[in-house]
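The values are calculated or read from the model by the stated rules, or taken from the named source; none is laboratory data. Note that the structure is predicted; figures quoted are calculated from it, not measured. Heads up, the Cβs are rebuilt from the backbone with ideal geometry, glycines too, and the neighbour counts pull from every protein chain shown.
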Amino acid sequence: MLELRRLIEHHAWRYHVLDTPEIADAEYDHLFDELIALETAHPELITPESPSQRVGSAPGSGFTEVVHREPMLSLDKTTEASGIADWMTRTRRLAGDSASLTFTCEPKIDGVAVALVYEEGRLAQAATRGDGERGEDVTANVRTINTVPLRLDGRDFPQRFEVRGEIYMSHRDFESFNQRARERGEKTLVNPRNGAAGSLRQLDPVLTAARPLSMYCYSLGWAEGGWQPESHFEVLQAFKRWRLRVNPHVERVADAEAAMVYLKRLEAERDNLGYDIDGAVLKVDSLPLQRQLGALSRTPRWALAYKFAAEEATTRVVGVDFQVGRTGSITPVARLDPVFVGGVTVSNATLHNMDEVGRLDLHIGDTVLIRRAGDVIPQIMAVIAQQRTANAQPILLPQSCPVCGSVVERAGDEAVARCTGGINVCAAQRKEGLLHFASRRAMDIEGLGDKLIDALVDGGFVKRAADLFHLDLATLSALPRMAEKSGNNLLAAINRSRRTTLPRFIFALGIRDVGEATALNLARHFGSLDALMSADGTALEAVADVGPVVASRVGAFFGSPENRDAVVALRAAGVSFPELSPAEAGGEGDLPLAGQTWVLTGTLESMSRDAAKDKLEALGAKVAGSVSAKTHTVVAGPGAGSKLAKAETLGITILDEPAFIQRLAELAAN
């Protein structure tokens, strides 16, 4: 039984912490079932640190108060580079100008701070930060978190010590949890931080066990048993040795300039980390110097928080507009009182569909919490119901299209309502379709943006995609903000786009539910457009990743006389693409990188990321946006951050740009 527990702990650590499982899920389940069977037969041998005990115990009536042996202090904050320089100068003066100082930098995770006490290597207690002096005992709940070891690995840990860290919910887990909640008609979580806090304070640990929580450990609270580490960095290395999870983005720096390099890199990677951070924490690395510097009443002198621009704010909904998309989808967009969030002023937020409006119980006039992350369109996360006014107005779906007046319909099994006018009737659908057709990953007509498409459609010059290839300089020069030079540049870009590839052309047609990956699979499977256009449902469903729904969309598109005429018109206008050779068609199995997943990160100097992606996909590879245990190779250019760090941790093959180009040349030669 002891050996079985050790084996389960090992594989849980590989899966949840390192993301490099060594066995399949079914094998892990078999080990776990075997343990449950043994413990059922011998209940007297069940121990609190057994993996079987993570499922949660019976609900309690409340949380017991815990007095922290060492206060969990707040941090001084700054948002300026000058604030970091001033803090470092002040710290050096207090430490003695002759002291040799280094600092650690680490992400400031936006979660819930906790303190874990380990005794003889076993988790004995977990408490929230509370007011810094007193917190709540949440041991039963923390025991359900897979990234928190119930028993430490190794033998060199102190007899008794406290680990401090942050419990959080990753973006992927947050979205998955909310998706399942919506499917069950249950309440969704507002944001990852509130989700983590609420999950940790569930009175029933079984409910906490159902929430996807994770934890990073970031400092030592106190220790007994003779362990006297010299630096914070040494502590974190010991934590990793004992299988306590430590953030991979911790670095040591020597001065303010190096700290700012780190901070700028971290902020640039912020939206790719997979979890929320609101800044970074800088700490004096030397623990003896930390003790010498001491603390003020509520903040330590040896640490500083650098805060990034806030990504959440509250504002008021002043109205709702309904936008019409390429496939006729009617999307409500909230108009907001302008508010500064995530480094920009926001005045609109997407609402996705009317189900989202209903889930939020959103009214015009409501005060709302909005969130903006990177370049993502701002979203309304929650309504602050307590501030709703008596004149708040419900939001109703329009019965007719706000652009063309056609009937708006909503299929019974769909969340999205759609304009029934179609691309030939609805100018909004026509404009969005043309914008998609000209986009970089489709026909790549540089310079043909939304304002120009508006002018071309509104002026009656372009009614379908083929009309773009019949434009002349006189027509373009007469449009607003178009001179002879810009007109010639656009005509040159249109002319270049005539020669494309079959996957790009299929994607450019804008078939509903056919994205880049599906277009590539269709092209590889059929080899020619004519073969694809004549394929029936059975033939379409034989394509990788194409199910009955997508097959019906493709069949309906090419079954429409108007769409077939549009394809004929494009070919007559000179649009061409080579058919795939037998080696390229018929699936991916014969291609040299078939079955491999590659990731591109950082900046490539000899080609664009899109060009590199095209080359890899042409060789059969799948190009993913994130690194996992299934990743085959990572191509890392200058500026590579968290993806490169994770690849190094997982032992994945990493190529710099020269090695990548050489690899492409070798594959082309073979």
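Would you call ARG90 at pLDDT 85 or above, touching a Pro at 6+ places or on another chain (Cβ under 8 Å) and in a helix (DSSP H, G or I)? Show your work before the answer.
Working: at pLDDT 85 or above: yes; touching a Pro at 6+ places or on another chain (Cβ under 8 Å): no; in a helix (DSSP H, G or I): yes.
So ARG90 fails the test.
Within the stretch 197-222, take every residue that is closer than 23 Å to GLU70 by Cα and touching a helix residue (DSSP H, G or I) at 6+ places or on another chain (Cβ under 9 Å) and give me the one that is surrounded by the fewest Cβ atoms within 10 Å (Cβ to Cβ).
Among residues in the stretch 197-222 that are closer than 23 Å to GLU70 by Cα and touching a helix residue (DSSP H, G or I) at 6+ places or on another chain (Cβ under 9 Å), the one surrounded by the fewest Cβ atoms within 10 Å (Cβ to Cβ) is ARG201.
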Inset, instruction - Being closer than 15 Å to PHE239 by Cβ and among the acidic types (Asp, Glu) is the filter here, so list the residues in the stretch 109-155 that pass it. - result: ASP153
Inset, instruction - Could you pull out the residue among ALA442, ALA390, ALA455, ALA411 that is surrounded by 15 or more Cβ atoms within 10 Å (Cβ to Cβ) and part of a loop (DSSP other than H, G, I, E, B)? - result: ALA442
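Please go through the stretch 375-387 and give me each residue that is surrounded by 13 or more Cβ atoms within 10 Å (Cβ to Cβ) and more than 18 Å from ARG359 (Cβ to Cβ), ordered by number. Working first, answer last.
At the first step, the residues of the stretch 375-387 found to be surrounded by 13 or more Cβ atoms within 10 Å (Cβ to Cβ) are 378-383, 387.
Once the filter is applied, which keeps residues that are surrounded by 13 or more Cβ atoms within 10 Å (Cβ to Cβ) and more than 18 Å from ARG359 (Cβ to Cβ), the stretch 375-387 yields only GLN387.
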Legend entry - Pairs with Cβ under 7 Å, 6+ apart, first in the stretch 257-268 and over 14 Å from GLY602 (Cα atoms), second surrounded by 15 or more Cβ atoms within 10 Å (Cβ to Cβ) and of a type in the set (A, V, I, L, M): ALA259/ILE84; ALA259/VAL253; ALA259/LEU282; MET260/ALA81; MET260/ILE84; TYR262/VAL253; LEU263/ALA280
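Before we move on, is ASN247 polar (S, T, N, Q), in contact with a Cys (Cβ under 9 Å, 6 or more places away or on another chain) and either within 30 Å of GLU133 (Cβ to Cβ) or outside the structural domain of GLY641 (by TED's automatic domain parsing) (or both)?
Numbers: polar (S, T, N, Q): yes; in contact with a Cys (Cβ under 9 Å, 6 or more places away or on another chain): yes; either within 30 Å of GLU133 (Cβ to Cβ) or outside the structural domain of GLY641 (by TED's automatic domain parsing) (or both): yes.
Taking the combined requirement at face value, the residue satisfies it.
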Inset, instruction - Give, as residue ranges, the strands (runs of 3 or more DSSP E) completely inside the stretch 586-662 that count at least 1 residues that are closer than 26 Å to ALA544 by Cα and touching a Lys or Arg at 6+ places or on another chain (Cβ under 8 Å). - result: 597-601, 622-624, 633-636
Legend entry - Condition check for PRO338: surrounded by fewer than 17 Cβ atoms within 10 Å (Cβ to Cβ) and not acidic (Asp, Glu): yes
Legend entry - Evaluation of LYS485 against (1) part of a helix (DSSP H, G or I); (2) surrounded by 14 or more Cβ atoms within 10 Å (Cβ to Cβ); (3) of a type in the set (D, E, K, R) (one fails), failing number: (2)
Legend entry - Failed condition for ALA309, given (1) surrounded by 16 or more Cβ atoms within 10 Å (Cβ to Cβ); (2) of a type in the set (Gly, Ala, Ser); (3) within 30 Å of GLN386 (Cα to Cα): (1)
Inset, instruction - Specify the residue that is modelled with the lowest pLDDT; the eligible residues are those in the stretch 114-146 that are surrounded by fewer than 17 Cβ atoms within 10 Å (Cβ to Cβ) and either hydrophobic (A, V, I, L, M, F, W, C) or not in a strand (DSSP E or B) (or both). - result: ASP131
Legend entry - Matching residues, the stretch 241-266, being surrounded by fewer than 16 Cβ atoms within 10 Å (Cβ to Cβ), more than 25 Å from the chain's Cα centre (by Cα) and part of a helix (DSSP H, G or I): ARG241, GLU257, ALA258
Legend entry - Flag for ALA535 being small (Gly, Ala, Ser) and outside any loop (DSSP other than H, G, I, E, B): no
Inset, instruction - Please find, within the stretch 540-581, the residue that is farthest from the chain's Cα centre (by Cα) out of those that are under 27 Å from LEU491 (Cβ atoms), part of a helix (DSSP H, G or I) and among the β-branched types (Val, Ile, Thr). - result: VAL568
Legend entry - Yes/no for GLY421 being buried (at least 21 other Cβ atoms within 10 Å of the Cβ) and either more than 26 Å from ASP361 (Cα to Cα) or of a type in the set (Asp, Glu) (or both): yes
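In the stretch 238-248, how many are within 27 Å of ILE84 (Cα to Cα) and touching a Phe, Trp or Tyr at 6+ places or on another chain (Cβ under 9 Å)?
The first filter runs over the stretch 238-248 and keeps only residues within 27 Å of ILE84 (Cα to Cα), leaving 246-248.
Narrowing the set further to residues that are touching a Phe, Trp or Tyr at 6+ places or on another chain (Cβ under 9 Å) leaves 246-247.
Residues meeting the conditions: 2.
For residues in the stretch 167-215 being among the basic types (Lys, Arg) and part of a helix (DSSP H, G or I), which is farthest from the chain's Cα centre (by Cα)? Let's see the steps before the verdict.
Taking the stretch 167-215 and keeping what is among the basic types (Lys, Arg), we get 172, 180, 182, 184, 187, 193, 201, 211.
Then drop every residue that is not part of a helix (DSSP H, G or I), which leaves 172, 180, 182, 193.
Numbers: ARG172: 7, ARG180: 18, ARG182: 20, ARG193: 15 Å.
So, considering only residues that are among the basic types (Lys, Arg) and part of a helix (DSSP H, G or I), the one farthest from the chain's Cα centre (by Cα) is ARG182.
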Legend entry - Number of the condition not met by VAL554 [criteria: (1) among the β-branched types (Val, Ile, Thr); (2) modelled with pLDDT under 90; (3) outside the structural domain of LYS646 (by TED's automatic domain parsing)]: (2)
